[in-house]
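**Q** Below is a structure I'd like to ask you about.
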Amino acid sequence: MGRVSEILRKKGTDVLKIEAAATVFDAIKRIVELNVGSILVTEGDQVVGIMTERDYLRKVAVHGRTSHDTTVGEIMSSPLVYVTPQTTIDESMAIMTDRRIRHLPVVEDDDVVGIISIGDVVKFQSNEQSFQIKYLTEYISGGR
């Protein structure tokens with residue numbers, strides 16, 4: 001059974017962060033520049049939440065706020081829902097489905113060591129299934 005650590009090994013451990021006092025505009029700008037869907041929110045050295053594209057749409061755009069006048073801390077999702085490197089891929093998928101979230105920080109020893117998305121999980125599962133299909137096909141056909 002696959003674990004989150006396997007995704008991080010291929011994806012890497014870079015994590016995008018921004019201070020809670022920063023404007024939503026600054027956060028969205030960084031999210032777009034790096035082509036990601038979320039950014040972790042910090043206060044000092046502590047990660048206190050996560051801001052996603054969905055948070056922006058639901059808490060800024062729909063309510064008539066402006067991204068220049070709203071801080072990240074005002075719209076972030078908190079407390080943080082996270083997994084560990086040892087969490088299975090199936091458990092991660094279940095958490096994402098149950099909580100209706102698309103991004104999960106990965107925490108080990110109180111430090112964020114990466115972040116996985118629903119896309120990462122689906123890609124991992126797809127690759128695993130492709131490998132199993134290939135292996136079973138070779139087995140059935142006698143290794144030809």
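The values are calculated or read from the model by the stated rules, or taken from the named source; none is laboratory data. Given the structure is predicted, the values throughout are model-derived calculations rather than measurements. Counting neighbours? That spans all protein chains shown, and the Cβs are built from the backbone with ideal geometry, glycine included. When the accessible area is computed, the model is the full protein with side chains, heavy atoms only, and any ligands, DNA or RNA have been set aside. Shrake-Rupley method; radii C 1.70, N 1.55, O 1.52, S 1.80 Å.
**Q** Taking the stated definitions as given, is Glu33 open to solvent by 100 Å² or more (accessible area, probe 1.4 Å), at pLDDT 95 or above and either among the polar types (S, T, N, Q) or over 19 Å from Asp110 (Cα atoms) (or both)? Steps first, please.
**A** Working: open to solvent by 100 Å² or more (accessible area, probe 1.4 Å): yes; at pLDDT 95 or above: yes; either among the polar types (S, T, N, Q) or over 19 Å from Asp110 (Cα atoms) (or both): yes.
Taking the combined requirement at face value, the residue satisfies it.
**Q** Among the residues of region 40-47, is there at least one that is modelled with pLDDT under 95 and in contact with a helix residue (DSSP H, G or I) (Cβ under 7 Å, 6 or more places away or on another chain)?
**A** Taking every residue of region 40-47 in turn, none turns out to be modelled with pLDDT under 95 and in contact with a helix residue (DSSP H, G or I) (Cβ under 7 Å, 6 or more places away or on another chain).
**Q** While we're on this one: Which one is modelled with the highest pLDDT, of the residues in region 105-136 that are among the hydroxyl-bearing types (Ser, Thr, Tyr) and open to solvent by less than 80 Å² (accessible area, probe 1.4 Å)?
**A** Ser117
**Q** Let me ask another. For Asp69, are the conditions met, namely being under 19 Å from Val106 (Cα atoms), among the acidic types (Asp, Glu) and open to solvent by 60 Å² or more (accessible area, probe 1.4 Å)? Reasoning before the result, please.
**A** Working: under 19 Å from Val106 (Cα atoms): no; among the acidic types (Asp, Glu): yes; open to solvent by 60 Å² or more (accessible area, probe 1.4 Å): yes.
Considered against the rule, which asks whether it is under 19 Å from Val106 (Cα atoms), among the acidic types (Asp, Glu) and open to solvent by 60 Å² or more (accessible area, probe 1.4 Å), Asp69 comes out as no.
**Q** Please specify each residue of region 83-104 satisfying the condition of being without any contact (Cβ under 8 Å) to a residue 60 or more places away in the chain and surrounded by fewer than 17 Cβ atoms within 10 Å (Cβ to Cβ).
**A** Selection gives Glu91, Met93, Ala94, Ile95, Thr97, Asp98, Arg99, Arg100.
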